[in-house]
Every structure is written in C-alpha cells, then in structure tokens.
Amino acid sequence: MARTIALWAGPRNGSTALMYSFAQRPDTRVLDEPLFAHFLKHTGVARPSRDEVLNAMPSSNPDALATLVPAPSDEVLFLKHMANHLEGMDWEDLDGPKHRHVILTRHPDGVLPSYRAHIDHPTLLDLGYVHQHRILKLAGERAAVITAESLFANPTGTLRALCDALDLPWQTEMLKWQKGGILEDGVWAKYWYDGVHNSTGWEARTLQQGNTPPDLSELRDQCLEHYLALEQHALKT
C-alpha cells in the first residue's frame, strides 16, 4: 500500500521548492495543489489564475478528493497543499492510516510583504496560519513541522531531519533539480514559480524579513500568534 505525505504550507513559504525536492526521488510521485479548484469554488476568493484553475481541475468535493488516491504503482505520493485548501473539507476525508503530514510555516514578517506583491488585500484565510495550527492538532504525532527559515538556512540538515521524521531514506538527489519547471506544475505556475524555475536546487541563505505595511499590522499579529505556536514543534537540525 502506498504511503501518502501531505504537505500543508502557507504562501511564500518555499513549498514549490520542497515539492521539487520530493519530485527528484525515484520512489515518489508529486501532485501540485490538487484541492485548489475546490478551494476557489468553495470560498469564491480571487486569484490571478482563478479561471484557468477552475477550467483545468475538478472543483467538486468528491472529484477533488478522487485525485488524492494513490495509483497502484505509487510507493510514496507527495501532495503539495496550501493549508487553507482544508477549507470546506472534512479532515477524515484527507487523512488515513498511511498518511503523514508536513507543516511548512514562515514568520509573517517574511510572508506579508512578499504576498502583498501578488494580492492587494490579504486576509487570515489567505495566509493559512489558522489552518496549519488546526492541522497540527488534528494530525498530532503524525505531523512534522518545519520552518521556511530553517529550510532555506540549512536545506541539507532540514531535509534530512524531515526524511528521518517521515521514515524515508535520505537521498541527496533532493538537493538539486533541472532549471525550468516540472510536468507536475499547476497551471498557476507562471504567476508564482519564477524563482524556483530559475534555480537549480537548494542554496543555503537567510530569508529576509520585511516591514509589514501599517494597514496589515493587526493581521500580522494574528498570524504571529499561530506561527509561534507552530514554531515550538519545529524539527531541530
């Protein structure tokens, strides 16, 4: 029976690069945000790729869930989700006895200035911190938390620690990929994935934190409360 690893990330967290890492593993198949169309239809939120996503992907609850079923040939199925794609879904439909969950989170002072460049008026729903905190409580010991700060500062150590936590053998192939996209990229890649497409793998660097715009200070404080609670559970490298 295939193992399922579900990544629950926030925006501007490095989730696409992490998906690319797992895509290099010969034992793993990756899916890019398979619940995105359902999320868009359920919430009605605006995104640059909204029409393209709704035209390309199943948006009903049962059809979206059907895409999460491992294929007979799968050893490991890696699902890259945005954490807020949990919205409108029942946890019992997204979890299972062979599931492990990864929560990738980042300090809001790094997220908000970057996300504002794409979405003018971000909300708590957009950023996913509340959903990540909820997922940690629901998944319990089957969840591993990593921070974007750790992943970018020490990619080898963080990825090794994550593989250990997931009971997967470490593979150095996870550190490099070919420049350009991968076949599994979602139709929204042209709006968000430029940085990853122009890279060839992980290079250790310190993520910068920006100045949160004054009109987002209340939202920043709400996000920070959940980020700090998640950070307490982050894997040590």
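Which shape class, rounded, prolate or oblate, goes with region 143-221 when its Cα gyration tensor gives a ≥ b ≥ c as root eigenvalues, a/c under 1.5 marks rounded, and past that a/b bigger than b/c marks prolate?
oblate
First measure r as the distance between the Cβ atoms of residue 134 and residue 165, then evaluate 1/(1 + (r/R0)^6) with R0 = 22 Å and state the FRET efficiency to the nearest 0.05. The calculated FRET efficiency here is 0.65.
In whole Hz and in residue order, list the ³J(HN,Hα) couplings for region 207-214 that follow from phi through the Karplus curve 6.51 cos²θ - 1.76 cosθ + 1.60, θ = phi - 60°; x for Gly and Pro. Ordered by residue, 3J(HN,Hα) equals 5, 8, 9, x, 8, 5, x, x Hz.
Considering just Cα atoms, how many Å³ per residue does the convex hull of region 1-98 enclose? In region 1-98, the Cα convex hull volume per residue is 102 Å³.
Of the solvent-accessible surface of the chain, computed with a 1.4 Å probe over protein heavy atoms with every protein chain present, carbon and sulfur atoms account for 49 percent.
Accessible surface computed residue by residue for region 48-200, with neighbouring protein chains in place and a 1.4 Å probe, gives 45 Å² per residue. Cβ-Cβ distance of residue 211 and residue 67, R₀ of 35 Å, FRET efficiency by 1/(1 + (r/R0)^6): the value works out to about 0.35. Protection proxy ranking, highest mean first, for peptides 129-139, 65-75, 91-101, 109-119: 129-139, 109-119, 91-101, 65-75, where packing is the per-residue count of other beta-carbon atoms within 10 Å, averaged. Between residue 52 and residue 175, the distance separating the two model label sites (each 7 Å from Cα on the Cα→Cβ line) works out to 3.3 nm. Among all the lysines, which ones have a C-alpha under 20 Å from residue 98's C-alpha, if same-chain residues fewer than 8 places away are not counted? Here the lysines satisfying the reach criterion relative to residue 98 are 80, 137. With a/c under 1.5 counting as rounded, go ahead and sort region 96-190 into rounded, prolate or oblate using the C-alpha gyration tensor (a ≥ b ≥ c being the square roots of the eigenvalues; past the cut-off, prolate if a/b is larger than b/c, else oblate). It is oblate, given that a/c is not under 1.5 and a/b is not larger than b/c.
So what's region 81-142 giving for Rg/Rh, alpha carbon basis, Kirkwood Rh from the mean inverse pair distance?
1.02
The values are calculated or read from the model by the stated rules, or taken from the named source; none is laboratory data. What you are looking at is a predicted structure, and each value in this text was computed from that prediction instead of being measured. Backbone-built Cβ (ideal geometry, glycine too); neighbour counts: all protein chains shown. The area values use the complete protein model at the heavy-atom level, side chains included, leaving out ligands, DNA and RNA. Shrake-Rupley method; radii C 1.70, N 1.55, O 1.52, S 1.80 Å.
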